[in-house]
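See below for the structure under consideration.
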Number of protein chains: 2
Amino acid sequence: MNKKEIDFAKKTSLILEEIASKSQLKEGKEAVRSILREIYRQGTIGTKSLARKIHLPIPTIAATRKELENAGLIDRVKKGAILTESGLMFVTKELKISFVNDLLCKTCSGTRIEFPYEFDDIKAKLKSFTEQRPSPNTSLDQAFGLPITALRRAYFMLQNDDLEGKKILLLGDDDFTSLAIALLDISTDISVLDIDLRLTDVISRIADENNYQIKCYNHDLRKPIPDELMGQFDTVLTDPPYTVPGLELFLSRTIQALKKEIGRKIYLAYAHRAPNDLFDFQQVVVNHGLAIQETIPGFNLYEGAEMHGNTTSLSVLVTTSNTRTIIENEYKEMIYTGEINPTTRTYSCLNKHLIRIGTTEKIKSIEKLKELGCPICGIKDSFTRVTKEKRE
Amino acid sequence: MNKKEIDFAKKTSLILEEIASKSQLKEGKEAVRSILREIYRQGTIGTKSLARKIHLPIPTIAATRKELENAGLIDRVKKGAILTESGLMFVTKELKISFVNDLLCKTCSGTRIEFPYEFDDIKAKLKSFTEQRPSPNTSLDQAFGLPITALRRAYFMLQNDDLEGKKILLLGDDDFTSLAIALLDISTDISVLDIDLRLTDVISRIADENNYQIKCYNHDLRKPIPDELMGQFDTVLTDPPYTVPGLELFLSRTIQALKKEIGRKIYLAYAHRAPNDLFDFQQVVVNHGLAIQETIPGFNLYEGAEMHGNTTSLSVLVTTSNTRTIIENEYKEMIYTGEINPTTRTYSCLNKHLIRIGTTEKIKSIEKLKELGCPICGIKDSFTRVTKEKRE
């Protein structure tokens with residue numbers, strides 16, 4: 001590069017950095033670039049689709065989009081965002097982006113797994129089960145996986161030889177992965193442990209009605225797992241609270257449940273995180289003496305769950321001779337996102353009534369608000385978020 | 001499970017363990033199970049295909065196959081291995097394996113990336129380049145990637161937005177990934193560093209002939225990277241020696257070459273390893289303060305390279321605020337597999353002449369032996385391995 005080119009590259013980098021910092025984007029300038037690139041590729045794209053493609057929370061995308069508008073790089077249209085003329089120049093001439101094809105495999109959606117041909121029946125049946133779920137309790141970090149999420153996991157574990165003739169424990173199962181496995185009609189010994197009695201009740205009832213063998217335990221993981229589950233399992237799947245203490249607790253309990261052998265498997269769903277937070281997460285894994293065999297971004301899809309862009313990654317961890325629990329006894333600290341990062345959000349209903357929701361408010365979550373309706377006029381949808389504050 | 005079932009499960013587990021131990025299989029009983037399962041699925045399958053599917057070295061598969069034959073579970077037929085009647089009983093009744101579909105996505109071969117439609121021309125052109133490579137120097141742990149390997153990497157990095165408008169360094173490039181990137185016809189600043197002058201010469205010549213801008217540096221990484229490359233790059237791809245010191249050295253040099261920013265990317269090819277060795281590998285990554293964003297098993301395919309079953313995984317690592325080099329100055333220890341684990345192998349040619357090859361012998365590798373021919377009768381192929389000894 002000559003001097004002029006270097007100055008140019010620096011300037012470009014500064015523009016991206018400025019937008020990242022104004023929109024408080026932990027992921028930095030690369031995430032700003034990704035948003036611009038995705039808008040360039042798609043022509044126009046809504047915030048929700050952007051969040052899912054880029055693996056960022058919807059509020060984060062919304063904030064960055066606003067800064068990009070202020071900078072004159074994008075415009076808002078009915079279907080979402082489009083590049084302005086100077087935005088297009090910036091993307092093609094300065095960021096030098098020209099390739100428009102999305103190369104993520106359309107057959108497997110990047111999950112590496114192709115569904116077999118009997119899949120449609122199984123999916124319909126699982127959907128009839130998940131429709132019987134109660135509404136999610138967000139104070140327990142519940143975010144219900146779509147039926148396809150449970151099926152992807154089930155087929156993925158089957159492909160990896162972690163189900164047939166094996167004992168599997170679902171450590172928390174608001175996604176109904178246990179029922180997806182039962183639907184595969186293979187020989188697997190399935191156990192479910194969940195803190196939420198509503199869920200273990202529904203799973204037990206569906207299992208009884210369909211003659212599936214699923215053992216359900218209603219249990220708070222802050223207590224050590226029941227004695228009869230200690231050292232019993234070949235495979236554990238868990239989608240823990242996405243907090244460091246939550247991950248630590250769930251991994252320690254997972255290790256208690258697994259057979260004391262090298263090579264036992266853990267399937268771990270976890271939120272996409274900015275590099276430094278990803279490193280913290282990985283430290284917890286390494287401190288437990290577990291090795292990461294595989295990590296697939298964007299594997300799990302959820303209903304709602306706007307805080308992590310509706311998708312999380314799936315990792316396959318394996319026990320080694322270094323594997324050990326960190327938390328042995330009853331755990332009394334906070335583990336859930338709402339406890340560790342309590343926030344209060346203000347929403348406005350269609351009639352402009354303001355409603356405060358949050359961990360410490362009467363209504364804890366947007367899902368609950370939609371269910372109950374506006375406490376003033378009773379209207380049930382079209383809530384818009386006005387503010388969000390972190391509580392100390 | 002009742003008592004009888006528990007005894008049965010224990011017995012099954014013991015049979016697998018015994019075979020694993022007799023065939024000195026580091027990966028343990030699960031790998032024995034995987035081999036039986038793959039034979040069951042395929043009906044009959046050769047050692048090479050087994051090695052590629054299960055990600056184990058060919059000699060390891062061969063040894064286990066022999067033990068499975070001794071145990072009466074499999075038979076040898078012309079096309080490879082098949083289950084005996086009792087083998088079939090064992091797999092279906094005791095291991096409880098019944099599902100025969102291979103669910104690995106056939107469109108992307110499990111790489112998550114679909115090639116765009118202009119792909120065939122690019123592949124043909126790259127093949128014409130790789131045919132100009134000299135023969136691999138195995139004492140430098142060279143194992144040439146197939147043309148598809150370089151293209152998978154190039155498209156994968158493009159999809160992840162790590163090429164357009166970016167500076168990439170190939171730290172070692174016997175796979176010609178630099179040329180695959182050049183063929184994409186996007187705006188990327190490409191540099192190659194390799195210890196082997198034969199390779200940097202061929203890449204430079206091909207680049208000149210085709211008017212590609214590729215900067216080539218002939219350099220031994222045991223010395224710190226050239227000053228002009230320090231802190232310059234957005235992206236580094238490396239396929240280092242698969243030894244702990246080799247990985248440590250290559251990662252430290254990679255970090256020297258990357259811009260000092262959070263979120264810079266490293267694409268790292270590495271051999272599939274048994275859990276404990278995978279943990280050691282991961283420790284090196286974590287000690288460098290790098291976070292693993294993604295790991296795809298079986299991503300890279302190679303010519304020959306029987307020692308790691310012709311395939312390795314690809315990980316995407318990202319720099320964090322903890323990122324640091326471990327090795328700063330000139331490194332004087334051993335890094336290559338042949339140095340750290342020197343072996344002597346005896347091969348027999350078609351005329352039953354015995355030839356010793358190995359790190360400390362005149363002929364260092366089977367590739368070299370095939371090139372030179374038997375020193376006694378000059379015959380050039382059909383060499384069979386007779387013994388392998390580890391030297392102290």
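Here is how far apart the residue A:226 label points are across copies: 6.7 nm, shortest first, using a point 7 Å from Cα toward Cβ. Taking K and R as +1 and D and E as -1, what net charge do the other residues with C-beta under 12 Å from the C-beta of residue B:107 add up to? Result for the local shell: +2. The residues packed around residue A:269, meaning those with a beta-carbon under 10 Å from its beta-carbon, carry a net charge of -1 if Lys and Arg are +1 and Asp and Glu are -1.
When the square roots of the Cα gyration tensor eigenvalues are ordered a ≥ b ≥ c, the ratio a/c for region B:94-155 is 1.5 or more and a/b does not exceed b/c, which makes its shape oblate.
Residues considered: B:358, B:338, B:43. Largest GNM mean-square fluctuation over chain B, using C-alpha springs under 10 Å, is found at B:43. For region B:104-224, the orientation-averaged shadow of the C-alpha convex hull comes to 8.1 nm² (one quarter of the hull surface). Per-residue ellipticity at 222 nm computed for chain A from its helices equals -11000 deg cm²/dmol, with DSSP H segments shorter than 4 residues left out and the rest contributing -39,500 (n - 2.57). Sorted shortest first, the distances from the residue B:341 label point to those of the same residue in the other copies are 4.3 nm; each point sits 7 Å from Cα along Cα-to-Cβ. Of all residues in chain A, the one whose Cβ lies closest to the rotation axis carrying A onto B, together with that distance in whole Å, is A:107, 2. If you plug the beta carbon distance of residue A:220 and residue B:385 into 1/(1 + (r/R0)^6) with R0 = 45 Å, you get a FRET efficiency near 0.20. Take the Cβ atoms of residue A:76 and residue B:198, set R0 to 51 Å, and the FRET efficiency comes out at 0.35.
Given axes a ≥ b ≥ c from the Cα gyration tensor, I'd like to know whether the protein assembly as shown is rounded (a/c under 1.5), prolate (a/b larger than b/c) or oblate. Cα axes put the protein assembly as shown in the oblate bin. Quick one: Cα centre-to-centre distance for region A:173-194 and region A:223-292, in angstrom? Rounded to whole Å, the Cα centres lie 19 Å apart.
How many lysine pairs in region B:314-389, separated by 8 or more positions in sequence or lying on different chains, have Cα atoms less than 27 Å apart? Lysine pairs meeting both conditions in region B:314-389 amount to 19. Modelled spin labels at residue B:107 and residue B:328, positioned 7 Å past Cα toward Cβ, are 5.0 nm from each other. Placing a pseudo-label 7 Å from each Cα along the Cα-to-Cβ vector at residue B:340 and residue B:22 gives an inter-label distance of 3.2 nm.
When only alpha carbons are used to place a centre, region B:65-106 and region A:51-89 end up 55 Å from one another. Return the single residue from A:41, A:324, A:273 with maximal mean-square fluctuation; model: Gaussian network over chain A, springs between Cα atoms under 10 Å. It is A:41. Assign one of three labels to region A:38-82, namely rounded, prolate or oblate, based on the Cα gyration tensor with a ≥ b ≥ c the square roots of its eigenvalues; rounded applies when a/c is under 1.5, prolate when it is not and a/b is larger than b/c, and oblate otherwise. Judged from the Cα gyration tensor, region A:38-82 comes out oblate (a/c at least 1.5, b/c at or above a/b). A simple rule links phi to the HN-Hα coupling: the Karplus curve 6.51 cos²θ - 1.76 cosθ + 1.60 with θ = phi - 60°, which for region B:279-284 gives 5, 4, 4, 5, 4, 4 Hz, with x for Gly and Pro. The residues B:99, B:299, sorted by heavy-atom accessible surface at 1.4 Å with ligands and nucleic acids left out, run B:99, B:299 from largest to smallest. Near residue A:191: Cβ cut-off under 9 Å, other residues only, Lys/Arg at +1 and Asp/Glu at -1. The net charge is +1. Site pair residue B:62 and residue B:371 shows an inter-label distance of 2.2 nm when each label is modelled 7 Å from Cα along Cα→Cβ. Taking the average, over residues, of other Cβ atoms within 10 Å as the packing measure, peptides A:208-215, A:160-167 rank A:160-167, A:208-215 from highest down. The phi torsions of region A:328-333, fed into the Karplus equation with coefficients 6.51, -1.76 and 1.60 and a -60° offset, translate into couplings of 9, 9, 4, 10, 10, 8 Hz, rounded to whole numbers, with Gly and Pro shown as x.
For chain A, the longest principal axis of the alpha carbon atoms and the long axis of helix A:244-257 meet at an angle near 30°. Relative to the longest principal axis of the Cα atoms of chain B, helix B:119-130 runs at roughly 80 degrees. Shown in residue order for region A:149-154 are the 3J(HN,Hα) couplings computed by the Karplus curve 6.51 cos²θ - 1.76 cosθ + 1.60 at θ = phi - 60°: 5, 5, 6, 4, 4, 4 Hz (x for Gly and Pro). Once Rh is set to the Kirkwood radius over Cα pairs, what Stokes-Einstein translational diffusion coefficient, in µm²/s, holds for region A:202-309 at a temperature of 20 °C and a viscosity of 1.002 mPa s? Taking Rh from Cα pairs, D becomes 136 µm²/s. Label-point spacing for residue B:76 across the identical copies (point 7 Å from Cα in the Cβ direction), in nm and ascending order: 7.3. Top mean-square fluctuation among B:336, B:117, B:347, Gaussian network model of chain B, C-alpha springs under 10 Å? Most flexible of the set in this elastic network: B:117. Rounded to the nearest 5, what % of DSSP beta bridges with both residues in chain B are antiparallel? Of all bridge pairs located within chain B, approximately 65 percent are antiparallel.
Amide hydrogen proximity for residue A:84: with H placed 1.01 Å from N in the peptide plane, the residues at 5 or more positions away or on another chain lying under 5 Å are A:74, A:75. Translational diffusion of region B:247-296, estimated by Stokes-Einstein from the Kirkwood radius over alpha carbon pairs at 4 °C in a medium of 1.567 mPa s, is 110 µm² per second.
The values are calculated or read from the model by the stated rules, or taken from the named source; none is laboratory data. Just so we're clear, the structure is a prediction, and the values are computed from it rather than from any experiment. Neighbour counts run over all protein chains shown; Cβ positions are idealised from the backbone, glycine included. Note: accessible area is taken over every heavy atom of the protein model, side chains too, but ligands, DNA and RNA are not part of it. Shrake-Rupley method; radii C 1.70, N 1.55, O 1.52, S 1.80 Å.
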